[in-house]
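Structure, as structure tokens:
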Amino acid sequence: MRHLLTYLLCLLLMACGSSVQEEKEKQRQAKAEDMRRDSLAFKVGVTPTLDCLPFYLAQEQGIFDTLGVDVHLKCKEAQMDCDEAMRSGQIECMVSDLMRTELLRKEGVPLQYLGATNAYWQMIGNRKARIKDIKSLGDKMVAMARYSATDYLATLGIDSVKPSNPVFRIQVNDVQVRLMMLLNNEMDAVMLPEPQASCARHNNHPVLMDSRDKDIRLGVIAANSRRIADARRQQQMSLLIKGYEMACDSLNEKGVKHYGFIIKKYCHVNETTVKALPHISFPHLAPPRQKDIDRTKSPKWRTS
């Protein structure tokens with residue numbers, strides 16, 4: 001009887017071991033298939049901001065699927081993460097700003113512009129710190145991301161009024177962290193895009209500067225020309241642009257608030273922030289203006 005129990009136990013252990021190995025093999029095969037599909041897909045680096053909304057909408061509403069193009073959105077919390085993904089060849093294109101993309105070009109990354117976006121940025125002061133204008137920022141801290149549109153715009157605003165005391169520009173790359181530092185009274189002012197700027201304004205933090213008032217358009221979609229050189233990638237990119245512009249048409253027709261559920265999902269904001277969003281139009285892709293590209297040639301936007 002004892003031998004029979006031992007025999008049965010051995011059979012059970014062998015069966016379990018075989019089952020575990022089979023499961024591991026299935027997982028390995030599934031992972032390999034996912035990697036294969038990802039390598040063939042057109043990969044786009046995006047951040048939780050409204051300039052990426054047409055991509056989110058096209059993905060969620062099945063527009064890319066209808067067009068027959070497999071698009072994988074690589075969601076990053078900071079633009080610098082998109083930069084690194086572009087440098088290392090993990091993505092074909094990304095939503096960014098001219099300050100960052102022109103710097104990448106100087107580093108040797110072969111970027112081409114698919115078009116400009118509607119991105120804008122606001123410098124928003126902390127109401128509890130009683131920051132009502134940029135002149136009040138002397139001896140205060142402003143959160144921005146180095147070598148970016150926020151860096152350039154913060155420098156431009158500060159230099160335009162020349163506060164009597166130095167303004168300390170603090171590098172905070174994650175836009176969500178920047179917003180929370182303002183809401184938690186850990187920062188005197190921050191540079192924010194939408195929808196984070198709407199959240200800050202809804203909480204009664206004052207706008208100190210708006211890039212639109214200065215006729216500055218730095219938002220851009222850039223692709224790695226080396227990774228999209230072959231005919232298959234060119235076809236994917238053509239369909240990507242078509243899907244993007246179809247999503248823009250839908251946003252312009254129905255308004256951004258109609259797609260609040262997508263904004264909440266990808267931008268990590270609540271219903272209150274969605275309701276506070278202003279009217280925003282999404283134009284079809286057109287090349288960035290030369291005068292905006294020329295702004296990147298000035299060394300003043302660079303932080304030391």
Please report the equivalent ellipsoid semi-axes of the chain, computed as sqrt(5 x eigenvalue) of the Cα gyration tensor, largest first, in whole Å.
43, 25, 20
Whose amide H sits under 5 Å from the amide H of Glu194, counting only residues 5 or more places off or on another chain, with H placed in the peptide plane?
Leu50, Tyr120
Amide hydrogen neighbours beyond the local backbone of Lys76, cut-off 5 Å, H modeled
Val46, Thr47
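With an 8 Å cut-off on Cα pairs and a minimum separation of 6 or more residues, tell me the relative contact order of the chain in percent.
Taking the mean separation of contacting Cα pairs over the length of the chain, I get 26 percent.
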Heavy-atom accessible area per residue - the stretch 206-253, 1.4 Å, Å²:
47 Å²
Dipole of the chain, positive end: most advanced residue of Leu208, Gln79, Trp121 [Cβ charges, Cα centre]:
Leu208
Using mean Cβ contacts within 10 Å as the protection proxy, how do 61-69, 112-120, 92-100 order, highest first?
92-100, 112-120, 61-69
Using the Cβ atoms and a cut-off under 13 Å, what net charge is assigned to the surroundings of Pro278, where Lys and Arg are +1 and Asp and Glu are -1?
+2
Subtract the Cα-Cα distance of Met180 and Asp210 from 0.36 nm times their separation in residues, and report this length gain in nm to one decimal.
8.8 nm
Which of Val256, Pro287, Ser39 sits farthest toward the positive end of the charge dipole of the chain, with +1 on the Cβ of Lys and Arg and -1 on the Cβ of Asp and Glu?
Pro287
Point-charge dipole on Cβ atoms (K/R +1, D/E -1) for the chain, about Cα centre, debye to 20
560 debye
In nm, give the distance between the simple-model label positions of Arg130 and Lys264, each being 7 Å from the Cα along the Cα-to-Cβ direction.
3.8 nm
With only helices counted (DSSP H, runs n ≥ 4, each -39500 (n - 2.57)), the per-residue ellipticity at 222 nm for the chain, to the nearest 500, works out to -14500 deg cm²/dmol
What helices does the chain hold that run 15 Å or longer along their axis, going by alpha-carbon atoms, with a Kyte-Doolittle average of -1.0 or more, using DSSP H for the helix calls?
2-40, 149-161, 231-254
Please give the residues of the stretch 94-117, grouped as numeric ranges, whose backbone N is less than 18 Å from a label point set 7 Å along the Cα-to-Cβ vector of Gln234.
111-115
Taking the mean number of other Cβ atoms within 10 Å as a proxy for protection, how do you rank 126-132, 173-179 from highest to lowest?
173-179, 126-132
For the stretch 125-232, the dipole about the Cα centre with charges only on Cβ (Lys and Arg +1, Asp and Glu -1), to the nearest 20 debye, works out at 40 debye
Using a Gaussian network for the chain with springs between C-alpha atoms less than 10 Å apart, which of these wobbles most: Lys242, Lys43, Lys24?
Lys24
Using alpha carbon centroids, what distance separates the stretch 204-265 and the stretch 112-137, in Å?
19 Å
Ignoring any ligand, DNA or RNA, what whole percent of the accessible area of the stretch 155-218 comes from carbon and sulfur when the probe is 1.4 angstrom?
48 percent
With both partners inside the chain, how many of the DSSP beta bridges are antiparallel, as a percent to the nearest 5?
55 percent
Using only protein heavy atoms and a 1.4 Å probe, report how much of Glu107 is accessible, in Å² to the nearest 10.
100 Å²
Candidates Pro48, Pro193, Pro166, ranked by Gaussian network fluctuation over the chain, Cα under 10 Å, top entry
Pro166
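The values are calculated or read from the model by the stated rules, or taken from the named source; none is laboratory data. Please read all numbers here as calculations on a predicted model, not as lab measurements. With ideal geometry, Cβ positions are generated from the backbone for all residues, glycine too; neighbour counts draw on all protein chains shown. The area values use the complete protein model at the heavy-atom level, side chains included, leaving out ligands, DNA and RNA. Shrake-Rupley method; radii C 1.70, N 1.55, O 1.52, S 1.80 Å.
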